[in-house]
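The values are calculated or read from the model by the stated rules, or taken from the named source; none is laboratory data. All values derive from a computational prediction rather than experimental measurement. Reconstructed Cβ throughout: ideal geometry from the backbone, glycine too, with neighbour counts over all protein chains shown. The area values use the complete protein model at the heavy-atom level, side chains included, leaving out ligands, DNA and RNA. Shrake-Rupley method; radii C 1.70, N 1.55, O 1.52, S 1.80 Å.
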Amino acid sequence: MTVRVFLNGQWLAAQDAVVSVMDRGFLFGDGVYEVIPVYSRRPFRLEQHLARLQQSLDGIQLVNPHGVAEWIAIVRQLAGEAEWEDQSIYIQVTRGPMAVRNHAFPKQVTPTVVVLAEPMLTPPDSQREQGIAAVSAADVRWLRCDLKTTSLLANCLLRQMAVAAGCVETVLFRDGFLTEGSASSIFVVKDGVLLAPIKNHLMLPGITYDVVLELAAQHGLLHEVRDITEPETRAADELWMCSSTKEVLPIVTLDGRAVGKSVGAGGTPGPVFGRMYAWYQEFKATVMRNG
Ligand code: PDD
């Protein structure tokens with residue numbers, strides 16, 4: 001079966017979907033994107049992802065080339081026909097091609113729209129059962145991290161620091177406070193209370209972050225949304241990362257030191273994580289059942 005890609009209103013075989021080298025997405029990273037998880041061919045939190053896409057487009061002053069109903073139709077068509085039951089759907093909208101390389105926006109903008117599906121690679125069970133290792137770094141990104149832009153070089157360099165250290169994620173601190181991970185939201189658990197950084201221009205408003213906080217509220221888990229200092233993060237009982245593709249994962253070592261009460265080189269995922277993971281799976285199953 002040929003993998004089809006949506007490119008500027010056309011459904012094409014992946015190898016035929018080509019974009020100009022003069023595209024501003026290619027030359028400047030001038031674009032925004034979304035990653036939408038699909039379980040059993042049903043997009044998860046699609047409306048929220050499309051709302052965030054709108055916010056990102058507004059943030060870079062690019063008119064949305066499609067209305068919500070059109071986006072839903074495109075995503076549903078792809079989710080229905082891709083060869084995998086569980087997918088991650090990638091949407092990218094750039095400011096399109098320009099005649100000559102020029103930082104200023106072209107007078108006439110024709111956005112480039114790409115939508116494609118990839119198989120959803122959920123983390124291996126071992127990562128959930130034994131937890132993952134993370135490193136930390138200074139958050140050197142720009143001051144509009146709330147926009148999901150394709151200019152991801154800083155995130156890539158930061159993620160690579162984790163990979164180089166044999167770890168999964170890089171936890172970021174800016175001016176002494178926790179922001180997020182290189183490609184995930186980060187939560188802290190202290191004395192049974194779930195702590196989440198405040199959504200602002202320094203972090204992406206994560207869709208999974210919202211789900212985790214909703215589940216905490218629904219199940220009566222004490223939680224606070226507030227500034228979290230670096231020392232508080234390092235003294236956490238539990239540390240989690242979450243994203244659309246990783247769901248929720250426990251971080252058991254940070255910079256080689258065990259998180260929380262665990263002893264030895266590796267930690268053990270904490271009890272609050274176990275509860276949240278179960279709630280998350282239950283919630284997913286309900287949403288998928290009810291459509
Ligand atoms: N990234 N923060 C950053 C910097 C991210 O890149 C992501 C997700 C998140 C989590 O957001 P959400 O829960 O909406 O997926 C937080 C996606 C998965 C990516 O770039 O592939």
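Here are a few things to note about the model shown:
- Of everything listed in (1) surrounded by 13 or more Cβ atoms within 10 Å (Cβ to Cβ); (2) at pLDDT 95 or above, the single unmet condition for GLY260 is (2).
- Set side by side, the residues GLN54, GLN48 differ, and just one is within 20 Å of the chain's Cα centre (by Cα) and free of Cβ contacts under 8 Å to residues at least 40 places away in the same chain, which is GLN54.
- Hits in the stretch 171-182 (condition: surrounded by fewer than 21 Cβ atoms within 10 Å (Cβ to Cβ) and in contact with a helix residue (DSSP H, G or I) (Cβ under 6 Å, 6 or more places away or on another chain)): PHE173, GLY176
- Residue in the stretch 183-191 that is in contact (Cβ under 8 Å) with a residue 12 or more places away in the chain, touching a Gly at 6+ places or on another chain (Cβ under 7 Å) and assigned to a strand (DSSP E or B) present: yes
- With respect to the conditions (1) open to solvent by 30 Å² or more (accessible area, probe 1.4 Å); (2) more than 22 Å from VAL272 (Cβ to Cβ), GLN127 falls short on a single one, namely (2).
Conditions tested, residue by residue: (1) open to solvent by 30 Å² or more (accessible area, probe 1.4 Å); (2) more than 22 Å from TYR277 (Cβ to Cβ); (3) in contact with a Leu (Cβ under 8 Å, 6 or more places away or on another chain); (4) not hydrophobic (A, V, I, L, M, F, W, C).
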{"position": "VAL100", "(1), (2), (3), (4)": "yes, yes, no, no"}
{"position": "HIS103", "(1), (2), (3), (4)": "yes, yes, no, yes"}
{"position": "VAL109", "(1), (2), (3), (4)": "yes, yes, yes, no"}
{"position": "VAL113", "(1), (2), (3), (4)": "no, yes, yes, no"}
{"position": "THR122", "(1), (2), (3), (4)": "yes, no, no, yes"}
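- The set of residues in the stretch 268-291 that are β-branched (Val, Ile, Thr) and surrounded by fewer than 17 Cβ atoms within 10 Å (Cβ to Cβ) comprises THR286, VAL287.
- Residue among GLN48, GLN61, GLN54 that is at positive phi, modelled with pLDDT of 95 or more and either part of a helix (DSSP H, G or I) or exposed (fewer than 14 other Cβ atoms within 10 Å of the Cβ) (or both): GLN61
- The set of residues in the stretch 150-168 that are near the ligand (Cβ under 10 Å from one of its atoms) and open to solvent by less than 20 Å² (accessible area, probe 1.4 Å) contains only LEU158.
- Scoring PRO37 on the criteria (1) at pLDDT below 95; (2) within 16 Å of the ligand (Cβ to nearest atom) leaves a single failure, condition (1).
- Within the stretch 191-211, the set of residues being among the small types (Gly, Ala, Ser) and open to solvent by less than 10 Å² (accessible area, probe 1.4 Å) comprises ALA196, GLY206.
- Residue within the stretch 131-148 that is assigned by TED's automatic domain parsing to the domain that holds LEU27, more than 22 Å from MET276 (Cα to Cα) and out of contact with any strand residue (DSSP E or B) (no Cβ under 9 Å at 6 or more places or on another chain) present: no
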